[in-house]
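Novice: Submitted below is the structure of interest, expressed as structure tokens.
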Amino acid sequence: MVRAYTRKDYIRKIPGSRIVQYDMGNLSGEFPLKVTLEVKEPAQLSHNALEAARIASNRYMQRKSGRMGYHLKIRVYPHHIVRENPMATGAGADRVQDGMRKAFGKAVSSVAVVKADQKVLTIRTNKKNFKDAKEALKRAAMKFPVTCRIVVDEGAELVK
């Protein structure tokens, strides 16, 4: 039987993802409100940016509502490998390098390819922590290279 090769078979060393956890807070609690951060346009979110957003929002929610007052979930995974063809600089670099010939590149990082209006982060919480959840998602949105919006998915009638 002939084995079908994937693109990742040609990459020697794939850098590990920096994201430590995808679910934080109270994983089993029932929360009436569901607030989501979604991107407005297509983008590539690096694993570094996702981890920075997770840390910022999780730390803020933990400080404001305690460990058991929310559930934070990252909804995307960085599958796409970003490669770079590093060019040498300095004297004699033009004799050492091939330029763009055979320029497959080295794996540098991984990114999550997101579409327009795709959900990236979700916080489930109760009514008294709604403003804190919005602020936590706002802080997470600052870590991304694309404009985002905050949407109330469930429990909109509780906060109006």
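Novice: With a bin width of 5 angstrom, please list the P(r) values of segment 56-160 as percents of all Cα-Cα pairs, from the 0 bin to the one holding the largest distance.
Specialist: All Cα pairs, binned at 5 Å, distribute as 2, 10, 16, 15, 13, 9, 7, 6, 6, 5, 4, 3, 1, 0 percent.
Novice: Moving on. Please list, or write none, the lysines whose alpha carbon is within less than 30 Å of the alpha carbon of K134, excluding same-chain residues fewer than 8 places away.
Specialist: Within the straight-line limit of under 30 Å, K134 reaches these lysines: K34, K40, K64, K73, K115, K119, K143, K160.
Novice: Loop only by DSSP, 15 or fewer other Cβ within 10 Å of the Cβ. Give me the trypsin sites (Lys or Arg not before Pro) in segment 1-85 that pass, ordered by residue number. Could you put the intermediate results ahead of the total?
Specialist: Working: sites: R3, R7, K8, R12, K13, R18, K34, K40, R54, R59, R63, K64, R67, K73, R75, R83; in loops: R3, R12, K13, R18, K40, R67, R75.
The qualifying sites are R3, R12, K13, K40, R67, R75.
Novice: Size of the dipole of the chain about the Cα centre, Lys and Arg at +1 and Asp and Glu at -1 on the beta carbon, nothing else charged, in debye to 20? Walk me through the numbers before you get to the answer.
Specialist: On the way: 32 positive and 15 negative charges, 51 e Å.
Rounded to the nearest 20 debye, it is 240 debye.
Novice: List the chymotrypsin sites (Phe, Trp or Tyr not before Pro) within segment 17-86 that fall in a DSSP loop (any state other than H, G, I, E or B) and whose Cβ has at most 15 other Cβ atoms within 10 Å. It would help to have the intermediate numbers written out before the result.
Specialist: Working: sites: Y22, Y60, Y70; in loops: Y22.
Sites meeting the loop and neighbour criteria: Y22.
Novice: In segment 40-145, with Lys and Arg counted as +1 and Asp and Glu as -1 at Cβ, which of these residues, A43, F104, M61, has the Cα nearest the positive end of the dipole, that is, farthest along it?
Specialist: Checked the options; the winner is M61.
Novice: I'd like to know how segment 89-143 sits against the 2.2 N^0.38 Å rule of thumb: what's its Cα Rg over that expected value?
Specialist: Details: Rg = 22.2 Å, N = 55, 2.2 N^0.38 = 10.1 Å.
Compactness ratio reported: 2.20.
Novice: How compact is segment 1-75 by the rule of thumb for globular proteins, expressed as Cα Rg over 2.2 N^0.38 Å?
Specialist: On the way: Rg = 17.3 Å, N = 75, 2.2 N^0.38 = 11.3 Å.
After normalising by residue count via 2.2 N^0.38 Å, the value is 1.53.
Novice: What is the angle, in °, between the Cα long axis of helix 47-65 and the longest principal axis of the Cα atoms in the chain? Nearest 10 is fine, range 0 to 90.
Specialist: That helix lies at roughly 20 degrees to the long axis.
Novice: Could you pull out which residues in segment 81-108 have an amide N less than 14 Å from a spot 7 Å beyond the Cα of Y5, following the Cα-Cβ vector?
Specialist: Backbone N within reach: 104.
Novice: With each run of n ≥ 4 DSSP H residues scored as -39500 (n - 2.57), what mean residue ellipticity at 222 nm is computed for the chain after dividing by its residue count and rounding to the nearest 500 deg cm²/dmol? Walk me through the numbers on the way to the answer.
Specialist: Values: 4 runs with 39 residues, N = 160.
After summing the helix terms and dividing by the residues of the chain, the value is -7000 deg cm²/dmol.
Novice: Okay, moving on. With the contact rule set at Cα under 8 Å and sequence spacing of 6 or more, what percent relative contact order holds for the chain? List each step's numbers first, then the result.
Specialist: Values: 293 pairs, mean separation 65.8, N = 160.
Taking the mean separation of contacting Cα pairs over the length of the chain, I get 41 percent.
The numbers here are math on the coordinates, done by the rules we state, and not lab data. Since this is a predicted model, take the numbers as computed values, not measurements. Note: ideal-geometry Cβ built from the backbone for every residue, glycine included; neighbour counts use all protein chains shown.
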